[in-house]
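The values are calculated or read from the model by the stated rules, or taken from the named source; none is laboratory data. Since the model is a prediction, treat every value here as computed from it, not as a measurement. Reconstructed Cβ throughout: ideal geometry from the backbone, glycine too, with neighbour counts over all protein chains shown. Just the protein is used for accessible areas: all its heavy atoms, side chains included, with ligands, DNA and RNA removed. Shrake-Rupley method; radii C 1.70, N 1.55, O 1.52, S 1.80 Å.
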Amino acid sequence: MDMQFTDVGGVTKAVLGGRLDSFSVGEVETRFVANIVPKEQPAVVDLSDVSFIASLGIRMLIGTARALQRSNARFAMFGANDSVMEIIETTSLTEIIPVVGTEAEALAVVTA
Amino acid sequence: MKPDRTEATEEPTLVLNLGNQPAVIEESRFAVVAFLEPLGIVPRTMNRVEVVLEELLSNLIRHGENVNAIKIAAGYRDGAIDLVVEDDGAEFDPLGKPDPDPFTSLAEAPLGGLGIALVRRLTCASRYDRVGSGAAARNRVSVSITNR
């Protein structure tokens with residue numbers, strides 16, 4: 001799992017690439033959380049290059065969004081492919097974290 | 001005069017016998033995907049298979065007790081993929097826990113229990129059986145996933 005972090009006008013943008021399965025989550029979760037939560041600012045996650053997600057990946061996203069919410073900062077995701085989106089929807093993640101089509105939409109959601 | 005020959009057609013099946021180690025998830029995924037790919041499985045269904053396999057095996061590795069051997073079987077019949085995950089560990093029904101309560105906020109969202117809930121929702125059938133007895137006793141989880 002590849003990860004890149006940038007700052008887009010005061011919003012943390014995380015770009016993930018590859019599989020978010022039980023193996024990779026164990027390897028990347030600490031770095032993912034450490035690059036997002038302490039900044040206490042809104043965050044968006046680019047899922048365009050994520051090819052697979054399972055429950056541990058979903059848990060990582062929920063935990064990070066929840067921790068960020070304690071700083072009153074919003075969290076959104078964008079660009080999920082159909083397979084990834086099916087898992088996100090099946091776990092009802094879309095009920096609590098906005099998942100939109102584009103980066104522009106995600107930035108608009110977290111800065112509104 | 002040629003003899004009347006009726007060839008019995010067998011549904012394709014895959015059987016893997018693996019040890020209890022983290023690599024079992026990756027090994028089984030590669031083998032199951034390679035087995036299913038020639039059978040016309042649509043991408044959405046293949047992803048469901050991979051997720052279900054991932055959830056059942058990671059759950060077993062994390063929560064199973066005294067698991068030394070894991071057997072995975074896959075088959076395709078009547079438009080559905082049948083998966084069986086069997087282990088020789090202590091009696092353990094991963095399907096026994098109920099799904100997490102519905103949630104509408106981040107604060108309420110569960111961090112656990114999502115994996116088996118995914119298994120139930122992505123499959124058209126799932127069941128647990130304790131089969132055999134004594135040293136031959138096994139936990140067996142069987143699921144079916146419709147190819148659509």
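The calculated FRET efficiency for A:Val33 paired with B:Gln21, based on their beta-carbon distance and R0 = 30 Å, is about 0.65. For trypsin sites (Lys or Arg not before Pro), no site in region A:8-69 is both called loop by DSSP and has at most 10 other Cβ atoms within 10 Å.
For the protein assembly as shown, the carbon plus sulfur part of the accessible surface works out to 48%, probe radius 1.4 Å. Multiplying the residue separation of B:Leu111 and B:Ala125 by 0.36 nm and subtracting their alpha-carbon distance yields 2.6 nm.
The phi-based Karplus calculation (6.51 cos²θ - 1.76 cosθ + 1.60; θ = phi - 60°) puts the 3J(HN,Hα) values of region A:17-34 at x, x, 9, 9, 10, 4, 6, 6, 4, x, 7, 10, 4, 4, 5, 4, 5, 5 Hz, whole numbers, x for Gly and Pro.
In the calculated pair-distance distribution of the protein assembly as shown, the portion above 24 angstrom amounts to 51 percent of the Cα-Cα pairs.
With a 1.4 angstrom probe, the accessible area lost at the A-B interface totals about 2200 Å². Label-to-label distance for B:Arg140 and A:Thr6 is 5.4 nm, based on points extended 7 Å past Cα in the beta-carbon direction.
Measuring spread by the Cα atoms of chain B yields a radius of gyration and Dmax of 17.5, 77 Å. Taking every residue in A:51-57, how many Cβ atoms of other protein chains lie within 10 Å of its Cβ, on average? So the per-residue partner count for this stretch is 6. Inter-chain Cβ neighbour count for B:102-111, averaged per residue, equals 6 (cutoff 10 Å, partner chain atoms only). The residues of region A:1-49 occluded by other protein chains by 30 Å² or more of accessible area, set against the chain on its own, are A:Arg19, A:Ser22; surface from heavy atoms, 1.4 Å probe.
Summarising the amide proton neighbourhood of A:Ile53: residues at separation of 5 or more, or on other chains, whose placed amide H is nearer than 5 Å comprise A:Leu20. Summed over the residues of region A:33-73 and divided among them, the accessible surface reaches 37 Å² per residue at a probe radius of 1.4 Å.
Please give the Cα centre distance for region B:83-148 versus region A:1-54, rounded to the nearest Å. The two parts, judged by their Cα centres, are 28 Å apart. Rounding to the nearest 10 and keeping the result within 0 to 90°, find how far the Cα-based axis of helix B:23-36 lies from the longest principal axis of chain B. The helix B:23-36 is inclined about 40 degrees to chain B. A simple rule links phi to the HN-Hα coupling: the Karplus curve 6.51 cos²θ - 1.76 cosθ + 1.60 with θ = phi - 60°, which for region B:111-118 gives 9, x, x, 6, x, 5, 4, 4 Hz, with x for Gly and Pro.
In this simple spin-label model, placing a label point 7 Å from the Cα along the Cα-to-Cβ direction at both B:Arg44 and B:Leu14 gives a separation of 2.2 nm.
Taking amide H positions as modeled 1.01 Å from N, with prolines and chain starts lacking one, the residues under 5 Å from A:Phe75 and 5 or more places away or on another chain are A:Ala43. Listed peptides A:41-49, B:85-93 appear in the order A:41-49, B:85-93 once ranked by packing, highest mean of other Cβ atoms within 10 Å at the front.
Rounded to the nearest 500 deg cm²/dmol, what is the calculated helix-only ellipticity per residue at 222 nm for the protein assembly as shown, with -39500 (n - 2.57) per DSSP H run of length n ≥ 4?
Values: 7 runs with 92 residues, N = 260.
The per-residue figure over the protein assembly as shown is -11000 deg cm²/dmol.
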